[in-house]
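The values are calculated or read from the model by the stated rules, or taken from the named source; none is laboratory data. In this text the structure is predicted, and so the values were computed from the model without any measurement. Virtual Cβ from ideal backbone geometry, glycine too; neighbours counted across all protein chains shown. Quick note on the areas: whole protein, heavy atoms, side chains included, nothing else; ligands and nucleic acids left out. Shrake-Rupley method; radii C 1.70, N 1.55, O 1.52, S 1.80 Å.
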Amino acid sequence: MTDAPTYGFDTLQIHAGAKPDPATGARQTPIYQSTAYVFRDAEHAAALFNLQEVGFIYSRLTNPTVAVLQERLATLEGGVGAVCCSSGHAAQIMALFPLMAPGCNVVASTRLYGGTITQFSQTIKRFGWSAKFVDTDDLDAVNAAIDENTRAVFCESIANPGGYVTDIRALADITDGAGIPLIVDNTSATPYLCKPIDHGATLVVHSTTKYLTGNGTVTGGCVVDSGNFDWSANDKFPSLSAPEDAYHGLKFHETFGPLAYTFHSIAIGLRDLGMTMNPQGAHYTLMGVETLSLRMQKHCENAEKIAAWLENDSRVDYVTYAGLPSSPYYERAQACYPKGTGGLFTFAVKGGYEACIKLVDALEIFSHVANLGDTRSLIIHSASTTHRQLSPEQQEAAGAGPNVVRISIGIEDADDLIRDLDQALAKACG
Ligand SMILES: *Cc1c(COP(=O)(O)O)cnc(C)c1O
């Protein structure tokens, strides 16, 4: 489908990037389980290695099944290109890699997935990178945190956990003014509920492990490039604007224009970091993406019902779901995320830490797991699991205090889920 943008979301989630297999006519995208691809001749091989011709060399860099998923996600997000990788966390490193150098920093929201806070506050220091965490509702603080070594601002569209939604446009106005890219983790919203590029984001990252695959089968990640950023406007991004020794002085931006970032991510990022998505993984994710809109509608519908039920229950202190009129983010959510605010939220249980532990053990339909965005409903007590490595202050800032559980509402019958929560709350608070 070459004229893809004229089609609607439901059509694109099935067709974008794919066509019947030219060799066999297979209608579904085959799993190209091959490490290497035969060159037509020595000249063809040389052209591929010089990046003068696009094609398949070796599956650490490119694979036909993964390429279909890349094109599909780029299309759904409204970007010009995408690179898939082995996990969401790999995608975050891949997203920063072309931008950063030792001494550079990223300004990041305090409201991020727990693992991302750990990755940014600890692990990236080993590359000589650093992160400055700010409350992204405080636009003055965001502006103040950006210095001459800042190479990006990073946030989540719908933050996990905590019922927080980001005003992406407000942040994009700041990054545009500073001449740096805005990176949005769109895992919890998915392009069905929000397209960050439409709101001014430069790059979108995903943990495809979650809603995009949708049923808890494989880990994966993706970086989508809007193609809108001028990498040569200043000297902050030499990986993209300056000559690259490994390719005989080729300048990515000058040579590939709006596709510079995507080409760099494949030709340098995947080549040398090797965080590659495998074709089996891409296949499972492609299967999931075909039904994304249907699932997201049901996730949102169920979450709205269940959040409202919990909010009215005397055993519950509060519910943080941006789809509830009581949420401080309700108005923003209605404006920026009109199709719904997803299936993820947290609630606080009267009885604190102990009651939360009893609750997760007493549930029958909900599974106690460290995952989200599955067809089945999931629950986790963040303070004793995913957010365990964080300080109490960081836990509170991330909306994951000791009395809080996070749930990822699946696509089962809402009434069954409510009955399950009811019986488990009785045991927890009994
Ligand atoms: C799960 C998740 C990640 C990390 O993704 P993995 O695939 O587990 O590496 C990053 N951001 C968000 C919002 C997530 O939910």
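Is the range 338-346 home to any residue that is of a type in the set (A, V, I, L, M) and either touching a Ser or Thr at 6+ places or on another chain (Cβ under 6 Å) or open to solvent by less than 10 Å² (accessible area, probe 1.4 Å) (or both)?
So far as the range 338-346 goes, yes, one or more of its residues are of a type in the set (A, V, I, L, M) and either touching a Ser or Thr at 6+ places or on another chain (Cβ under 6 Å) or open to solvent by less than 10 Å² (accessible area, probe 1.4 Å) (or both).
In the range 208-222, is there at least one residue being under 23 Å from I407 (Cβ atoms) and touching a Leu at 6+ places or on another chain (Cβ under 6 Å)? Checked against the condition, which is being under 23 Å from I407 (Cβ atoms) and touching a Leu at 6+ places or on another chain (Cβ under 6 Å), the range 208-222 yields at least one hit.
Here is a yes/no grid of residues against (1) open to solvent by less than 10 Å² (accessible area, probe 1.4 Å); (2) more than 21 Å from N215 (Cα to Cα); (3) not hydroxyl-bearing (S, T, Y):
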| residue | (1), (2), (3) |
| --- | --- |
| C356 | yes, yes, yes |
| A370 | no, no, yes |
| L378 | yes, no, yes |
| A400 | yes, yes, yes |
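Among residues of the range 222-269 being among the small types (G, A, S) and over 23 Å from Q70 (Cα atoms), the one that is modelled with the lowest pLDDT is A246. Please indicate, with yes or no, whether at least one residue in the range 92-108 is open to solvent by 50 Å² or more (accessible area, probe 1.4 Å) and free of Cβ contacts under 8 Å to residues at least 12 places away in the same chain. So far as the range 92-108 goes, no, none of its residues is open to solvent by 50 Å² or more (accessible area, probe 1.4 Å) and free of Cβ contacts under 8 Å to residues at least 12 places away in the same chain.
Would you check if E148 is away from the ligand (no atom under 16 Å from the Cβ) and either open to solvent by 10 Å² or more (accessible area, probe 1.4 Å) or not polar (S, T, N, Q) (or both)? So E148 fits the description; yes. Summed over the range 78-131, the residues that are among the polar types (S, T, N, Q), more than 16 Å from the ligand (Cβ to nearest atom) and touching an Asp or Glu at 6+ places or on another chain (Cβ under 9 Å) give a count of 1. Is it the case that Q52 is touching a helix residue (DSSP H, G or I) at 6+ places or on another chain (Cβ under 9 Å) and either open to solvent by 70 Å² or more (accessible area, probe 1.4 Å) or of a type outside the set (S, T, N, Q) (or both)? Answer is yes for this residue. Among helices (runs of 4 or more DSSP H) entirely within the range 1-118, having at least 2 residues that are closer than 30 Å to T385 by Cα singles out 88-96.
When restricted to residues that are open to solvent by less than 80 Å² (accessible area, probe 1.4 Å) and charged (D, E, K, R), the range 13-40 contains 1.
Given the structure, is E301 in a helix (DSSP H, G or I), open to solvent by 40 Å² or more (accessible area, probe 1.4 Å) and not assigned by TED's automatic domain parsing to the domain that holds A398? Let's see the steps before the verdict.
Working: in a helix (DSSP H, G or I): yes; open to solvent by 40 Å² or more (accessible area, probe 1.4 Å): yes; not assigned by TED's automatic domain parsing to the domain that holds A398: no.
Answer is no for this residue.
One line per residue, one yes/no per condition, for (1) modelled with pLDDT under 95; (2) under 22 Å from G430 (Cα atoms); (3) touching a helix residue (DSSP H, G or I) at 6+ places or on another chain (Cβ under 9 Å):
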| site | (1), (2), (3) |
| --- | --- |
| E311 | no, yes, no |
| V349 | no, yes, yes |
| E354 | yes, yes, yes |
| R376 | no, no, no |
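Determine whether the range 403-414 contains at least one residue that is within 23 Å of the chain's Cα centre (by Cα) and open to solvent by 60 Å² or more (accessible area, probe 1.4 Å). No, the conditions are met nowhere in the range 403-414. Being over 18 Å from the mean Cα position of the chain (by Cα), surrounded by fewer than 23 Cβ atoms within 10 Å (Cβ to Cβ) and in contact (Cβ under 8 Å) with a residue 12 or more places away in the chain: is that true of D140 here? For D140, the condition - over 18 Å from the mean Cα position of the chain (by Cα), surrounded by fewer than 23 Cβ atoms within 10 Å (Cβ to Cβ) and in contact (Cβ under 8 Å) with a residue 12 or more places away in the chain - is not met.
What do you reckon, is E412 more than 16 Å from the ligand (Cβ to nearest atom) and closer than 20 Å to G115 by Cα? So that I can check it myself, show each step before the final result.
Details: more than 16 Å from the ligand (Cβ to nearest atom): yes; closer than 20 Å to G115 by Cα: no.
Here the answer is no, as E412 does not meet what is asked.
Listed here are the residues, each with its yes/no results for (1) in contact (Cβ under 8 Å) with a residue 60 or more places away in the chain; (2) assigned to a strand (DSSP E or B); (3) more than 16 Å from the ligand (Cβ to nearest atom); (4) not assigned by TED's automatic domain parsing to the domain that holds Y113.
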| residue | (1), (2), (3), (4) |
| --- | --- |
| G177 | no, no, yes, no |
| P191 | yes, no, no, no |
| D198 | yes, no, yes, no |
| V205 | yes, yes, no, no |
| K210 | yes, no, no, no |
| G216 | yes, no, no, no |
| V223 | yes, yes, no, no |
| W231 | no, no, yes, no |
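In this structure, T62 does not qualify as in the same structural domain as F252 (by TED's automatic domain parsing), open to solvent by 80 Å² or more (accessible area, probe 1.4 Å) and of a type in the set (S, T, Y). Does T202 qualify as being more than 20 Å from D135 (Cβ to Cβ), touching a helix residue (DSSP H, G or I) at 6+ places or on another chain (Cβ under 6 Å) and among the β-branched types (V, I, T)? In short, no.
In the set (1) of a type in the set (S, T, N, Q); (2) under 19 Å from F97 (Cα atoms); (3) open to solvent by less than 50 Å² (accessible area, probe 1.4 Å), S232 fails one condition alone, (3). Scanning the range 309-322 for residues that are open to solvent by less than 20 Å² (accessible area, probe 1.4 Å) and without any contact (Cβ under 8 Å) to a residue 24 or more places away in the chain yields no hits at all.
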